[in-house]
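This report concerns only the one structure given below.
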Amino acid sequence: MRGVFMTEKKSFCVKLCVLLASVLFVAMLSGCGNSNLEKYADDISELRENLFAAENADYKITAISGKREDPYEMDGVSAGKRDFTVITVTPAVFSAAKSYRYRTEIGGTVYEGDLLPHPFAQSLSVDIPATVQSDFSLTVFDGGEHAFEMKSAVTGEIISAEKAFTIALDKLKNELKRFRGKGSPDPEIYIRLVENPIDGSGGYFWYVAFVGENKNTVAVLLRADTGAVSAVRV
């Protein structure tokens, strides 16, 4: 009986070890499947992947949305992050004497308040602590009332932020070695979907930048539709 008991006990231990090994193997596979955005999440100071626009005879309005560092500072160190949507309102005729306000709803929450004038341009803006991923409504008040439907500014297919980031990592792999000195912190990372910054021909681009200590920066600009490299900063 004792021999049978020992055999059963040994068999149970073997099965338990096999089960634990299987669980560990699955966990390792899951870890290997993590995206680059997940792998570098602690170092990403800005991920901007949503753009919206609307206009009429009186106003041109744009909105950018995603997640970014707070406080927002390009200093080579990535700190705490928060959701954001920045709405920029550009009047056809700007009047410093006017009071401009806004009202919108994002994710079931209503946001409203003053639009603050830009110090160097004849435009106004507000930074809302929420991310918007689909079309939304916005009302601007200037003594009158102007309603807008903020539509996604991106038409046609574009590559994902994950794909753009992966292309950037490969394109800049040699340049990124400069950040890997002994005791050096990892660079902070900025991933932005932007309007064409090169010329007035339209289209969208992914800008991916790595910023180290002393604001040492390497970056790449990719066509958002194809992922082709348009410019490199090293």
Using a 1.4 Å probe on heavy atoms of the protein chains only, the accessible area for Thr139 in Å², nearest 10, reads 30 Å²
Once each part is reduced to its C-alpha centroid, what is the distance from region 81-130 to region 144-222 in angstrom?
24 Å
Would you check the accessible area of His118, probe 1.4 Å, heavy atoms only, in square angstrom rounded to 10?
80 Å²
Distance check, please: which entries in Lys151/Lys173; Lys60/Lys177; Lys81/Lys163; Lys60/Lys81 exceed 32 angstrom between their Cα atoms?
Lys151/Lys173; Lys60/Lys177
Qualifying GluC sites (Glu not before Pro) in region 109-195, DSSP loop, other Cβ atoms within 10 Å at most 12
Glu157
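The values are calculated or read from the model by the stated rules, or taken from the named source; none is laboratory data. Note that this is a predicted model, so its numbers are computed, not measured. Virtual Cβ from ideal backbone geometry, glycine too; neighbours counted across all protein chains shown. We work out accessible area using only protein heavy atoms, side chains counted, and drop any ligands, DNA or RNA first. Shrake-Rupley method; radii C 1.70, N 1.55, O 1.52, S 1.80 Å.
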